[in-house]
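The values are calculated or read from the model by the stated rules, or taken from the named source; none is laboratory data. Quick caveat: nothing in here was measured; it's all calculated off a predicted structure. Counting neighbours? That spans all protein chains shown, and the Cβs are built from the backbone with ideal geometry, glycine included. We work out accessible area using only protein heavy atoms, side chains counted, and drop any ligands, DNA or RNA first. Shrake-Rupley method; radii C 1.70, N 1.55, O 1.52, S 1.80 Å.
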Amino acid sequence: RFVIAPLVAGGRAIGAVCADNKHSRRPISPAAVEPFTLLCHQLGVALEETRLYAETQAREREALQMYEVTSLLASSLDLDRVLDLIVEKACDLLACDAAVLYTANESRDTLTPLRGRNVDPELISRFSIRVGEGIAGRAYQEQRPVWTPDIRVDPRASYASGETQHLVQTKAMRAPLAVPMTSRGEAYGVLVAGFYSTHDFTDKEIRLLGVLGDQAAIAIEQSRLYKRQEARAARL
C-alpha cells in the first residue's frame, strides 16, 4: 500500500519520496509506479537545478563583496585607514563578533596586535605571542589558515606565558579563525576573525577570510611603499 522512489540528480541519490494509501488501504497498482517514478526523477532534476542556481547566486554575491572590499582597500594609501578597513571588513564578510590584525617584529619571532575591532583593549595594549604559539602563531608559522571551534578546550591554544594564557582564556575570541597575510612571498602578519561563542567554521568562511588576508597584504604593502616614497621625496 505504499511506494518509495529515489530522487536522483547527477547520477547520485539526493533523497527519496514516499506515497502511501494508509487511510484508504487500497493497494498501489504496478501501473501507477512508473509515472510516480518519472515524477520523482523530474523532481530530482528540478531540485538539483535549484541548488546549482542558489550556489551560483551565492558565489556572485561573494565575488561582489570581495570586489567592494578590494576597491575600498585600493582606494586608500593611508596605512591607518587600511588597517581599520581590514578588521572592519573581516567582521562584515564573516558576520562575526570581532577581528584582530597581528604584525611580526623585525626578527619575525613575535606577533603583536596592531588593530582590533570589538576586542578588549587589553588584548591590543598588553598582548603579544611567539610565532608558533596558539592559533594566530601557528597560522603565521605554517602559512595556512588555522582555526578552532572552542579555544578553551583546544590543546593547540597554549602559551608559554601564564599572563598570555589567562588573557586568551578570559578575554579573547572563543572561536577564532586565523589566516596569514602574504604578498609575493612576504608574510606581513596574521588576520584573525571569530566569535565569542563556540562556532564551527565553514569552507566558505575560511575561503573568504583567506582571500581578504591576501588582499590585506597587498594593501599594506602598497601603503608602506607610498610612505617610503613620500619620505624619500621629502628628503630630496
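Brief remarks on what is shown
- Partner lysines for Lys89 [C-alpha distance under 19 Å; skip if fewer than 8 residues away on the same chain]: Lys204
- Total formal charge among the other residues, if their Cβ is under 15 angstrom from that of Trp147, Lys/Arg +1 and Asp/Glu -1: 0
- Positive-end residue of Tyr196, Ala74, Tyr102, charge dipole of the chain with Cβ unit charges: Tyr196
- Helix axis angle, 79-94 relative to the chain longest principal axis, alpha carbon, degrees: 20
- Long-range HN-HN contacts of Thr110 with modeled amide H, under 5 Å: Asn105, Val131
- With protein chains left intact and a 1.4 Å probe, residues in the chain average 57 Å² of accessible area per residue.
- Modelled spin labels at Gln165 and Ile28, positioned 7 Å past Cα toward Cβ, are 6.2 nm from each other.
- Annotation note: GluC sites (Glu not before Pro) in region 101-154 located in DSSP loop regions with a Cβ neighbour count of at most 16 within 10 Å are Glu106.
- Under the Karplus curve 6.51 cos²θ - 1.76 cosθ + 1.60, θ = phi - 60°, whole-Hz ³J(HN,Hα) for region 207-219, x wherever Gly or Pro sits: 5, 4, 5, x, 5, 4, x, 5, 5, 5, 4, 5, 5
- Given the choices (i) 21.1, 64; (ii) 25.5, 96; (iii) 20.3, 67, Rg and Dmax of the Cα atoms in Å derived from the coordinates of this structure is entry (ii).
- With a Förster radius of 41 Å applied to the C-beta separation of Arg152 and Glu68, the computed FRET efficiency comes to 0.75.
- Gain on full extension, evaluated as 0.36 nm per residue between Ser125 and Arg207 minus their Cα-Cα distance, stands at 26.6 nm.
- Sparse-neighbourhood loop sites, GluC sites (Glu not before Pro) in region 1-71 - DSSP loop, at most 11 other Cβ within 10 angstrom: none
- In a DSSP loop and with at most 14 other Cβ atoms within 10 Å, the trypsin sites (Lys or Arg not before Pro) in region 89-137 are Arg108, Arg126.
- Estimated inter-spin distance, Arg12 and Ala46, nm [label 7 Å along Cα→Cβ]: 2.3
- Overall, the accessible surface of region 27-154 at a probe of 1.4 angstrom is composed of carbon and sulfur to the extent of 54 percent.
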